[in-house]
Amino acid sequence: MSHTSTLLMAHTAVVCLTVFTVIIQKKDNVNAAIQLTATPYLQTFVSHDTYNGTTYYPEGNYSREWLITGQTLNYTITIEFIVCVLEDAKGNCLFDEIFVYDGTNASAALLKKTCCGHLDTVPFTVQSTYGEMYVLFVTDNTVAREGFRISYILEYTKYNRTCDHK
Ligand SMILES: [Ca+2]
């Protein structure tokens with residue numbers, strides 16, 4: 001093999017590696033927070049793609065995040081935990097948890113930290129201050145359960161309830 005072709009092969013390998021890395025990074029970006037738009041109509045999201053009430057979420061440091069944005073920021077977002085079964089931590093929330101933040105990421109104020117079960121019996125709701133809410137589901141490296149189904153809706157109430165004419 002000539003020196004030139006060796007160099008060419010090395011160059012090709014570098015190019016391929018670079019392209020591959022870019023694809024991986026793009027995939028990671030896609031796997032960032034799932035974007036949801038809250039409207040005045042009730043919609044839902046679930047803990048994992050194969051959620052059906054009986055199929056467990058993946059075992060092994062599975063995590064997923066959702067960014068819910070309201071069509072109108074001045075309205076609030078209310079989520080309701082309809083079904084929620086996480087690894088039983090006997091109420092200590094040591095293993096698999098859901099965090100709900102009052103903004104667009106985990107730097108915002110924490111509205112709720114839950115592992116459901118007997119401490120937070122479904123259904124229960126969490127409401128944002130404005131039209132943005134960030135939900136983070138984090139699991140440890142073992143034991144999965146059925147997961148959750150959560151509804152979300154944009155509500156007009158916060159700034160208008162007191163203005164209602166009876
Ligand atoms: Ca677990």
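Okay, here's what the table says:
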read-out	value
Long-range HN-HN contacts of residue 117 with modeled amide H, under 5 Å	86
Region 35-41 - phi-based ³J(HN,Hα) in whole Hz, Karplus 6.51/-1.76/1.60, Gly and Pro as x	8, 10, 10, 7, 10, x, 9
Residues whose placed amide H lies under 5 Å from that of residue 148, excluding near-sequence neighbours	47, 48, 85
Other-chain or far-sequence residues with amide H under 5 Å of residue 43's (modelled H)	152
Environment charge at residue 111 (Cβ cut-off 13 Å; Lys +1, Arg +1, Asp -1, Glu -1)	-1
Distribution of pairwise C-alpha distances over region 102-145, 10 Å bins, in %	22, 47, 29, 2
Cα-based convex hull volume of region 33-163 per residue, rounded to whole Å³	104 Å³
Among 61, 85, 99 the positive-end extreme of the charge dipole of region 55-103 (Cβ point charges)	99
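No lab work stands behind these numbers, since they all come straight from the coordinates. Everything numeric in this text was worked out from a predicted model, so none of it was measured. Don't worry about glycine lacking a Cβ; one is built from the backbone with ideal geometry, like all the others, and counts go over all protein chains shown.
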